[in-house]
1. Which ones in segment 191-206 are buried (at least 24 other Cβ atoms within 10 Å of the Cβ) and either more than 17 Å from L89 (Cβ to Cβ) or out of contact with any helix residue (DSSP H, G or I) (no Cβ under 7 Å at 6 or more places or on another chain) (or both)?
2. Would you kindly identify the strands (runs of 3 or more DSSP E) lying entirely within segment 46-108 that contain at least 1 residues that are under 13 Å from Y135 (Cβ atoms) and touching a residue at least 60 places away in the same chain (Cβ under 8 Å)?
3. Among what's in segment 239-276 and is more than 9 Å from the ligand (Cβ to nearest atom) and of a type in the set (G, A, S), pick the residue that is nearest to the chain's Cα centre (by Cα).
4. Scanning for something basic (K, R) and away from the ligand (no atom under 16 Å from the Cβ), does segment 218-238 turn up at least one residue?
5. Starting from residues that are of a type in the set (V, I, T) and assigned to a loop (DSSP other than H, G, I, E, B), keep the ones in segment 9-39 and report whichever is surrounded by the fewest Cβ atoms within 10 Å (Cβ to Cβ).
6. Criterion first (without any contact (Cβ under 8 Å) to a residue 40 or more places away in the chain and of a type in the set (A, V, I, L, M, F, W, C)) does I238 satisfy it?
7. Just need a number here: residues in segment 173-217 that are charged (D, E, K, R) and within 15 Å of the ligand (Cβ to nearest atom).
8. In this structure, does D296 turn out to be within 16 Å of the ligand (Cβ to nearest atom), modelled with pLDDT of 95 or more and over 17 Å from the mean Cα position of the chain (by Cα)?
Amino acid sequence: MMDERKLPDMLLALSGERIKTAGQWRQTRRQEILDLFREHVYGWESAGRPEIMEFDTKVTPAMMGGSAVRKQVDIRFEGPGGAGSIRMLLFLPSTCSKPCPAFLLLNNRGSQVMDPERDAIAPFWPAERMIARGYAAAVLDVEDADPDFHDGFRNGVHGIFDRLDGERPANAWGTIAAWAWAGSRAMDYLETDPDIDASRVAVVGHSRGGKAALWAGALDERFAFVVSNDSGCTGAAIARGKQGETIRNINDQFPHWFNGNYKTYNDREEHLPVDQHMLLALIAPRPLYVASASKDEWADPRSEFLSLLHAADAYRLFGCEALAGIGFPNPEEPLASERTGYHVRTGEHDLKEYDWDRFMDFADRHAFKRH
Ligand code: GTR
């Protein structure tokens with residue numbers, strides 16, 4: 001049964017007005033929640049789509065034994081602090097005669113995952129399986145946007161777009177927000193590619209990449225489907241009453257991931273004006289899938305699941321079905337409703353073929369289903 005944690009009321013606007021309709025949600029509350037997350041957690045991004053940006057694409061046919069076309073896209077941009085680039089690798093099914101739906105992975109495991117030759121195939125990004133099921137597989141390395149260490153926000157897109165004079169504001173964007181920004185730039189490219197159906201693009205991430213995928217999905221409504229794998233603390237998992245990693249743990253170990261204000265919630269999660277079910281609610285009414293691993297106590301599967309159940313309040317406003325009022329499932333027993341899905345896989349903190357197969361099942365049956 002649902003455990004009873006005291007959570008902020010996502011349907012109570014700052015004005016005191018009770019949100020009862022999708023219209024009220026869209027006009028008032030959704031923006032309030034988004035801005036609360038910017039102010040207290042992920043930070044305000046100092047750039048949107050750069051005015052100076054170009055895509056340099058190299059196409060190689062007959063990859064994967066002839067079943068896929070490879071595109072290597074260099075997303076280049078400039079800002080006041082200099083130039084940057086995000087390299088995206090994309091495989092498209094050769095048999096696809098019309099624009100394809102796509103899964104975009106925000107990859108936090110470096111170059112071994114995105115080997116363009118596919119010499120060393122990583123289960124973390126099983127592009128061949130996606131191709132076989134008619135999906136385009138896209139991946140970018142989040143560290144192209146911002147390296148994953150604390151350097152005072154000089155490198156990566158912070159250095160390119162932030163004003164570096166004066167003290168850094170406590171609500172300025174951190175590294176997770178920079179990675180989400182990279183996802184949106186990839187989407188800028190995907191919208192221009194005639195082989196991609198830009199109305200059916202999923203953003204996926206594991207762990208720290210999952211935190212970024214959720215934030216990307218919240219900020220950028222072009223993502224039609226959002227997938228979180230083992231995203232845990234400040235990802236899918238409710239912070240209040242969470243087991244394993246806490247806000248203090250994550251801020252101490254990764255001071256660059258979130259904004260300065262978030263540090264004031266160390267050991268004070270009950271004072272946050274949001275909790276992570278409200279992040280998931282920002283995805284509504286779009287399809288959302290949350291996955292956990294049974295041994296991933298640091299992420300806390302039950303807090304991830306609980307968050308998804310609470311997010312159903314937002315889906316209900318739109319008259320959409322979402323998982324609600326059900327108990328925590330057994331491993332390898334995925335749960336799916338019209339708009340939200342969940343599974344817990346037996347095993348460790350990781351992204352595996354089992355997980356990807358379930359994301360694709362949900363996409364086939366629900367998220368990308370065409371009537
Ligand atoms: C851990 C961190 C988690 C998670 C994980 C990962 O060390 O505490 O929040 O993001 O790294 O990215 O694998």
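1. H206
2. 68-79, 82-93, 100-107
3. The extreme case among them is A239.
4. yes
5. The extreme case among them is T21.
6. Against the criterion (without any contact (Cβ under 8 Å) to a residue 40 or more places away in the chain and of a type in the set (A, V, I, L, M, F, W, C)), I238 does not qualify.
7. Counting residues in segment 173-217 that are charged (D, E, K, R) and within 15 Å of the ligand (Cβ to nearest atom) gives 2.
8. Here the answer is yes, as D296 does meet what is asked.
The values are calculated or read from the model by the stated rules, or taken from the named source; none is laboratory data. Nothing here was measured: the structure is a model prediction, and the numbers come from that model. All Cβ positions, even for glycine, are placed from backbone atoms using ideal geometry, and neighbour counts span all protein chains on display.
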